[in-house]
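A short worksheet on the structure shown next.
The values are calculated or read from the model by the stated rules, or taken from the named source; none is laboratory data. It should be emphasised that the depicted structure is a prediction, and the values quoted were computed from it without experimental measurement. With ideal geometry, Cβ positions are generated from the backbone for all residues, glycine too; neighbour counts draw on all protein chains shown. Note: accessible area is taken over every heavy atom of the protein model, side chains too, but ligands, DNA and RNA are not part of it. Shrake-Rupley method; radii C 1.70, N 1.55, O 1.52, S 1.80 Å.
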Amino acid sequence: MTLITRFAPSPTGLLHLGSVRTAASAHARARAAGGRFLLRMEDIDQARCRPHFAAAIREDLRWLGLLWDGDVRVQSEHFSDYRAALDSLRARRLVYPCFCSRADIARAAAAPHGAEEVYPGTCRCLPPAEAARRVAAGQPHAWRLDLARAMPDTPLFVDDEAQGQIRCDPLSFGDVVLARRDTPASYHLAATHDDALQGVSLVVRGEDLRPAAHLHRLLQHLMGWPAPRYAHVALKLGADGRRLAKRDHAATVRALREAGVAPGKVVARALA
Ligand code: GLU
């Protein structure tokens, strides 16, 4: 089987050494195996993504020699695909509409231990007829996964390159949003859909997304999509020991290029 990896940046800023590390790792694995390396623009959040960042990312990758195979998949051009996946989950009542505002959720979930916000399930308990009436009336709503209904009876496993077969446990996500009020997809649904569509067999990404693999494995199961293997890359830290962020201009490919650093050196620095 051909190894297929991908780099899937969200074009909300310039490429920096942290993302170069992920891209270079995915690229190297594909090339070493005679496989394919794909590029995908995860630009469903139209409020934060900018076309000029998408163009800059492509240009920087070319300059770095991290050339991708085939066409770039641009998620904002495929909202109907994600809508169809959501419709399939809706038809099986695995998602429900949530009418809560951000403020409602923050109030209900205010947890003294400061845990990640987990939705308390308020709208899960709405009578189906009332939920359907409010949707039909055009009340703004998101779609949430009904995690209790979605969990299979037999365990699932996440195939993690470093950790082996890990029991899939997405419960920390709670009833996660799969489609927002203003966007017909969330990152989780769109990324999982596209990994399946594009035949990605090895998902290489930052280790901050390690927990997401559990939720993604569940979505793959629910949608009948193949389960790829996951390789999580250690996050690149700045000189201050903090994770590099898009605002750290000095660590962007642009800044390094302008400072006269050669492309190979930039990749080596990202991987170091
Ligand atoms: N679009 C995500 C990001 O830029 C990466 C998602 C993924 O690799 O699955 O952070």
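Before moving on, here are some points about what is shown:
- For the range 244-270, the candidate set comprises residues that are open to solvent by 90 Å² or more (accessible area, probe 1.4 Å) and in a helix (DSSP H, G or I); within that set, the residue that is nearest to R48 (Cα to Cα) is H249.
- Whether a residue is in contact with a helix residue (DSSP H, G or I) (Cβ under 9 Å, 6 or more places away or on another chain), among the acidic types (D, E) and either under 30 Å from I4 (Cα atoms) or at pLDDT below 90 (or both) was assessed, and E116 passes this test.
- Only strands (runs of 3 or more DSSP E) whose full extent lies in the range 1-115 are considered here, and the ones with at least 3 residues that are within 16 Å of the ligand (Cβ to nearest atom) are 4-7, 36-41.
- The range 60-83, residues that are within 20 Å of D45 (Cβ to Cβ), open to solvent by 40 Å² or more (accessible area, probe 1.4 Å) and not acidic (D, E): H78, F79, S80, R83
- In the range 176-210, of all residues being β-branched (V, I, T), touching a helix residue (DSSP H, G or I) at 6+ places or on another chain (Cβ under 7 Å) and within 14 Å of the ligand (Cβ to nearest atom), the one that is nearest to L147 (Cα to Cα) corresponds to T192.
- Check on L171, more than 16 Å from the ligand (Cβ to nearest atom), in contact (Cβ under 8 Å) with a residue 24 or more places away in the chain and farther than 19 Å from R92 by Cβ: yes
- Residues located in the range 1-10, provided they are under 13 Å from R73 (Cα atoms) and not hydrophobic (A, V, I, L, M, F, W, C): R6, P9, S10
- All positions within the range 85-109 that are open to solvent by 60 Å² or more (accessible area, probe 1.4 Å) and either modelled with pLDDT of 90 or more or touching an Asp or Glu at 6+ places or on another chain (Cβ under 9 Å) (or both): D87, R90, A91, R92, R93
- The condition of being farther than 27 Å from L15 by Cα and open to solvent by less than 10 Å² (accessible area, probe 1.4 Å) holds for only one of Q165, Q220, that being Q220.
- Sole residue being within 27 Å of A255 (Cβ to Cβ) and either open to solvent by less than 40 Å² (accessible area, probe 1.4 Å) or among the polar types (S, T, N, Q) (or both), chosen from G13, G35: G13
- Scan the range 180-201 for residues that are at pLDDT below 95 and among the hydrophobic types (A, V, I, L, M, F, W, C) and the total you get is 1.
- Some residue of the range 200-210 being out of contact with any strand residue (DSSP E or B) (no Cβ under 9 Å at 6 or more places or on another chain) and surrounded by fewer than 20 Cβ atoms within 10 Å (Cβ to Cβ): no
- Only one entry of R48, R29 meets the criterion of being basic (K, R) and either closer than 19 Å to V266 by Cα or modelled with pLDDT of 95 or more (or both), and that entry is R29.
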